[in-house]
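Each reported figure results from applying straightforward, stated rules to the coordinates on display, with no laboratory input. Predicted model only: the values in this text are computed from it and were never measured. Heads up, the Cβs are rebuilt from the backbone with ideal geometry, glycines too, and the neighbour counts pull from every protein chain shown.
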Amino acid sequence: MTRKILIAVILALPLMGLGGCSTNPATGKSSFTAFMSPEKEKAVGAKEHPKIIEQFGGVYDAPELGFYVARIGGKLAGYSELPDLDYTFTILNDQKVNAFAVPGGYVYITRGLLAIATDEAEMAGVLAHEIGHLVARHTAQRYSATMATNIGLQVLGVLGSVAGAPTGTGQLASYGAHAALQSYSREQELEADRLGVRYLSRAGYDPDSMTGFFHKLQAHTKLQAAMRGEKDRSENFNIMSTHPLTSERISAAERLATEAVVKGRERGISTFAKEIDGLVFGDDPEQGIRRGRIFEHPSLEVRFEVPPGFTMINLPTNVIAKDGDGATIVFDMAPAKKVRQLGGIVKYLSAINIKGVKFKNAERLEINGMEAVTGTARLGKEDLRLLVIKESKDQFFEFLFRTPLKRTEALALDFRRMTYSFNRLRAEEIAAIKPLRIRFKTVHKGDDAKTFSQNMPMGKFNMQWFELLNNIKADEPLEQGSQVRVISQ
């Protein structure tokens, strides 16, 4: 027996007798799902559901909207090949544009996605796509493939040099297993698109709506990149991305729409508008609120203002501001326990190590009645400045300023102004903090895109946001009596 045959036989042994291949009723294909039964899918989903809700900001507090999404999702699921699966549809209180599904019938959609969807049909297309993943049992396929790979790795480890396994095989297979768990394959995404269009059509929605949302999502990706001062990556296929967006996928969706058996062209424009009117847009006050260049956090009771030209990105763990020319500011909380253990903010600053570089030239400051310390360092072609502020014995904040060497001097005054803009919020200021919301306005005679966009709080990106939300171009005339979507309090 040759080495290759020996390896093949031993790799096959652990899988024999599992009955691992099954024919999916939706796709008609035989797929390997030996290591995750439908019962296990339900158990996995029930276990992960509360974790997902906690990770993504909780359930969005709007019962009527939640019922609406669940009703549309249930309608679509009823037209699938697994209508009796116990589906659960949840709106996550997350500003990011996202949707995904977890085994056992759990489908999630973010309020950020609802904010940019044009109408009910586009939202339905997203839900139908996720239902497609569940019905096709894509997670069971990925998990089973990973388990089979792991078994193979164990066998290869036993064989070792006896079977002549090439150096690095284990590492490559491990990466493949990791990738399988992190993302759907290109083929699985396209298959979910195909099933999604099928369920859309059966439910009487316009099958073109899925393509429409893909275009909207692509435009949103471009706008987000522009706001962050980054290159447009909307055309990149990233295997570690949950929903890779490429022109190829959009073209495939267009083809699927033309091939679909059309039972209706329902869009649900007015119903959808009524349901999302007042939807929280962008930051939730619990994670802090951005107002142009100002950031306010009612729970932490602090505020600051970034320099002109900087755009903030509010993340669950910190706030990042970039100017598009290589300068970055990171705002975060310093660990109070560690600061106290080290003996105060000066010693804490001196202990910080970034890629082997420590901060020097420590200078004590007083910022609006708060004790602070700042220090500098040089890392490669960047100058770093760390600012640590003591608000109380239990609350410390830090700013990390990173600038290209040639821009450090030019930004010094702006960074100093930002430093002294950091202040505590008064009770009345905290009470006045309200989230931004999606609002609908009626178009009157003489109104144009500038009329509505100029008062939006997105700064230099006001017009781009208006175009995205309303799926129009700035120079297009607005129909008198129609409604447009804006962002306001």
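What the table below lists for this structure:
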read-out: Partners for residue 450 among lysines (Cα-Cα distance below 28 Å; same-chain residues under 8 apart left out); value: 96, 216, 222, 231, 274, 322, 434, 441, 460, 473
read-out: Backbone N within region 48-62 under 18 Å of label point (7 Å from residue 299 Cα along the Cβ vector); value: 51-62
read-out: Karplus-derived 3J(HN,Hα), 6.51/-1.76/1.60, for each residue of region 453-469, Hz, glycine and proline x; value: 7, 5, 9, 6, x, 9, x, 5, 9, 3, 5, 4, 5, 4, 4, 5, 5
read-out: Contour excess over end-to-end distance, with Cα ends at residue 265 and residue 440 and 0.36 nm allotted per residue; value: 60.6 nm
read-out: Whether region 296-403 is rounded, prolate or oblate, judged on the alpha carbon gyration tensor where a/c under 1.5 counts as rounded; value: oblate
read-out: Amide H within-cut-off set for residue 281, under 5 Å, with H built and near neighbours excluded; value: 436, 437, 438
read-out: Calculated FRET efficiency for the pair residue 461/residue 39, C-beta based, R₀ 56 Å, to 0.05; value: 0.70
read-out: Local electrostatic count at residue 330 - Lys and Arg +1, Asp and Glu -1, tallied over other residues with Cβ under 12 Å; value: +1
read-out: From phi via Karplus (6.51, -1.76, 1.60), per-residue ³J(HN,Hα) for region 306-319 in Hz, x at Gly/Pro; value: 7, x, x, x, 9, 10, 8, 10, 8, 9, x, 9, 6, 10
read-out: Region 437-478, relative contact order [Cα under 8 Å, separation at least 6], %; value: 42 percent
read-out: Nitroxide proxy distance, nm - points 7 Å out along Cα→Cβ at residue 96 and residue 351; value: 3.1 nm
read-out: Exposure proxy ranking, count of Cβ atoms within 10 Å, fewest first, for 330, 484; value: 330, 484
read-out: Vicinal HN-Hα couplings computed from phi for region 49-60 (Karplus, 6.51 cos²θ - 1.76 cosθ + 1.60; Hz; Gly/Pro x); value: 3, x, 5, 5, 4, 5, 5, 9, x, x, 7, 5
read-out: Label point distance in nm, residue 47-residue 366, each placed 7 Å from Cα along Cα→Cβ; value: 5.7 nm
read-out: Neighbourhood net charge (9 Å Cβ-Cβ; Lys/Arg +1, Asp/Glu -1) for residue 440; value: +3
read-out: Point-to-point label distance, residue 489-residue 395, nm (Cα→Cβ direction, 7 Å offset); value: 2.2 nm
